[in-house]
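Following: one structure in structure tokens, then a few remarks.
The values are calculated or read from the model by the stated rules, or taken from the named source; none is laboratory data. Computed from a predicted structure; not experimentally measured. All Cβ positions, even for glycine, are placed from backbone atoms using ideal geometry, and neighbour counts span all protein chains on display. Accessible surface is based on the protein model in full, side chains and every heavy atom, while ligands, DNA and RNA are left aside. Shrake-Rupley method; radii C 1.70, N 1.55, O 1.52, S 1.80 Å.
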Amino acid sequence: MIIRQIRLSNKAKEQLIRIKSKTGIQQWNILCRWALCLSLREPTPPVDFDQPADSNVEMTWQVFGGEYQDIYEALIIQRCINDGLGTDPNTLAKQFRLHLHRGIGRLAAYSNKIKGPADLIRLGLGKL
């Protein structure tokens, strides 16, 4: 488990609220999974800065990852290796947060083009 509890920033919460209304997907964890994968597919590491954990949106790692939590953990570990970072627990947790928030920002940037779940698939495939 990379992190026990995930708490989003208020900015990320507001972005996800808009995305929820566009897609009809109401579960935070599902949208956060999409966001993480969207960030991980980018070739560059996310910008390193402190993300405030100042919203009331919080979930456990198990809720975030669901039955695929081991796969999400492996993806973060591999990305840290690929980026030349360590794989110690603090690095993994920090990179997870950075990727998650960058991915939420990317989803929000496309929110005008996202009309439903099918658009998320097109976005993930780079076709939106």
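Side notes on the structure shown:
- A count restricted to region 53-90 and to residues that are open to solvent by less than 50 Å² (accessible area, probe 1.4 Å) and either among the aliphatic types (A, V, I, L, M) or at negative phi (or both) stands at 15.
- Taken together, GLN27, GLN5 contain a single residue that is surrounded by fewer than 16 Cβ atoms within 10 Å (Cβ to Cβ), modelled with pLDDT under 95, of a type in the set (S, T, N, Q) and farther than 28 Å from GLY116 by Cβ, which is GLN5.
- Here LYS22 qualifies as over 16 Å from the mean Cα position of the chain (by Cα), among the basic types (Lys, Arg), more than 17 Å from ARG4 (Cα to Cα) and open to solvent by less than 80 Å² (accessible area, probe 1.4 Å).
- Subset of region 77-128 that is in a loop (DSSP other than H, G, I, E, B) and hydroxyl-bearing (Ser, Thr, Tyr) - its residue that is farthest from VAL57 (Cα to Cα): THR87
- Some residue of region 37-48 being within 18 Å of ARG4 (Cβ to Cβ), in contact with a helix residue (DSSP H, G or I) (Cβ under 9 Å, 6 or more places away or on another chain), of a type in the set (Ser, Thr, Tyr) and surrounded by 17 or more Cβ atoms within 10 Å (Cβ to Cβ): no
- Filter pass, ASP54 being free of Cβ contacts under 8 Å to residues at least 40 places away in the same chain, of a type in the set (D, E, K, R) and either touching a helix residue (DSSP H, G or I) at 6+ places or on another chain (Cβ under 9 Å) or over 23 Å from THR23 (Cα atoms) (or both): no
- Test result for ALA93, surrounded by 18 or more Cβ atoms within 10 Å (Cβ to Cβ) and touching a residue at least 60 places away in the same chain (Cβ under 8 Å): no
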